[in-house]
Amino acid sequence: MFKIFEPNKIFIITSRAPKYVLILFIMVISIGLVEALFLSPEDYKQGHSVRIMYVHVPAAWISLGIFSSITLLSVSGYIFKNKNFFLIAKSFAPSGLLFNIIALVTGSIWGKPTWGSWWAWDARITSMLILAIFYLMYLVAWRMYENKDQVLRVTTIITIFGIVNVPIIKYSVDWWNTLHQPASINLLSKSSIHTSMLFPLFIMTAAFTLFSLLIFLMKYNTELIKIKNKGLDRL
Amino acid sequence: MITEIFYMNGYGIYVWTSFFFTLLSFITLYVIIKVQYTKERNRFISKYGALDSKKAETARSQKINKEILSSGQSI
């Protein structure tokens, strides 16, 4: 059923794709940076500090998306007994953690001029910090356990517990009184953000997605070569 | 004009720090993953080169091994 996910077949694509993804990423991020830093307008309330949104929001979106994908892949790997799903999940994790850290740090920097504080134990910020802890636990588990079956079981359990936090992050602004404003972009209804700001936001999201794809491809290739190295030892 | 771009009505320090931190994080992660990749690939090449003719024959029969050997300049 999942023959398409066989490492031998995937490697032919994944080993050649990074250079093209890197070129595309540089092109898209260059446009995104010009749009975000120079061409987009300042906010009538927040002034130029609104530009931090163009790195903060895409980073938060992608870190949530990656964690959800890791959970889906880990659970699917367990159900369908496909170890390559775990390998794909593991390769996504470094960029997921990086985007989570970027969201926390840039959020903290944005908080100072907007709320007058670098940090607040607000529901959204705290739940994002918990997500970072889950990412760390996931990555540490891969390093800690030598037994393959054990590591697959432990990482899956971590993702299952961690995924509970994802809807909490999403709806924290609606469920609790937080410093964060409610979502300005909604897929089902009209967004409350002007297109002049929406455009750079989507360009930066596309650039960040390409970067996570690039890191995923490089990490996945590294993991496959690592497996092949062990294979050579067994010959 | 230039001062205005950097100063951003007093918000420049926050905006530029955020963007600088993001780009620096990208470069750092890229370099870490690239180093890991190069290390593993070099290890593969040295192990592959050390195989005797019979084992090399077996290793050559796997298509993925040829791909690894030829993928050095891909990233």
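No lab work stands behind these numbers, since they all come straight from the coordinates. Predicted model, so just to flag it, every value in this text is computed and none were measured. All Cβ positions, even for glycine, are placed from backbone atoms using ideal geometry, and neighbour counts span all protein chains on display.
Given a Förster distance of 45 angstrom, what is the FRET efficiency for A:Leu179 paired with B:Ile45, based on the Cβ-Cβ distance and rounded to 0.05? If you can, show how the numbers build up before the last one.
Details: r = 53 Å, r/R0 = 1.18.
Result of the calculation: an efficiency of 0.25.
What spacing in nm lies between the two simple spin-label points modelled at B:Ser53 and A:Ser108, each 7 Å away from Cα in the Cβ direction?
The answer from the label model is 6.2 nm.
Compute the acute angle (0 to 90°) between the alpha-carbon long axis of helix A:195-234 and the principal axis of greatest extent of the alpha-carbon atoms of chain A; round to the nearest 10°.
Result, in degrees: 20.
Using DSSP to call loops (not H, G, I, E or B), can you name the chymotrypsin sites (Phe, Trp or Tyr not before Pro) in the range A:103-154 whose Cβ has at most 14 other Cβ atoms within 10 angstrom? Write out the running numbers ahead of the final one.
Details: sites: A:Trp110, A:Trp115, A:Trp118, A:Trp119, A:Trp121, A:Phe134, A:Tyr135, A:Tyr138, A:Trp142, A:Tyr145; in loops: A:Trp118, A:Trp119, A:Trp121, A:Tyr145.
Loop-located and lightly packed - A:Trp118, A:Trp119, A:Trp121.
Summing +1 for each Lys or Arg and -1 for each Asp or Glu, what net charge is found among the other residues whose Cβ lies under 14 Å from the Cβ of A:Asn177?
Values: positive: A:Arg124; negative: A:Asp122, A:Asp174.
In short, -1.
If each of A:Leu136 and A:Leu39 carries a label point 7 Å out from its Cα toward its Cβ, how far apart are those two points in nm?
3.9
For a 19 Å ceiling on Cα separation, which of these pairs sit above it: A:Lys230/B:Lys55; A:Lys19/A:Lys83; A:Lys81/A:Lys230; A:Lys228/B:Lys47; A:Lys19/A:Lys226; A:Lys228/B:Lys39? Working shown, then result.
Details: A:Lys230/B:Lys55 14 Å; A:Lys19/A:Lys83 27 Å; A:Lys81/A:Lys230 21 Å; A:Lys228/B:Lys47 10 Å; A:Lys19/A:Lys226 21 Å; A:Lys228/B:Lys39 13 Å.
Beyond 19 Å: A:Lys19/A:Lys83; A:Lys81/A:Lys230; A:Lys19/A:Lys226.
Show which lysines lie in cross-link reach of A:Lys112 when reach means a straight Cα distance below 22 angstrom and same-chain residues fewer than eight apart are skipped.
A:Lys45
Taking only DSSP H segments of four or more residues, each worth -39500 (n - 2.57), what value at 222 nm results for chain A once the sum is divided by all its residues, to the nearest 500 deg cm²/dmol?
Computed ellipticity for chain A at 222 nm equals -26000 deg cm²/dmol.
Can you give the net charge of the other residues whose Cβ lies under 15 Å from the Cβ of A:Ile66, counting K and R as +1 and D and E as -1? Walk me through the intermediate numbers first.
Details: positive: A:Lys90, A:Lys170, A:Lys219; negative: none.
Overall, the nearby charge balance is +3.
So if R0 is 25 Å, what FRET efficiency would A:Ile31 and A:Ser192 give, r being the distance between their Cβ atoms, rounded to the nearest 0.05?
Working: r = 25 Å, r/R0 = 0.98.
So the FRET efficiency works out to roughly 0.55.
Between B:Val31 and B:Thr17, with labels modelled 7 Å along Cα→Cβ, what's the label distance in nm to one decimal, could you check?
The answer from the label model is 2.2 nm.
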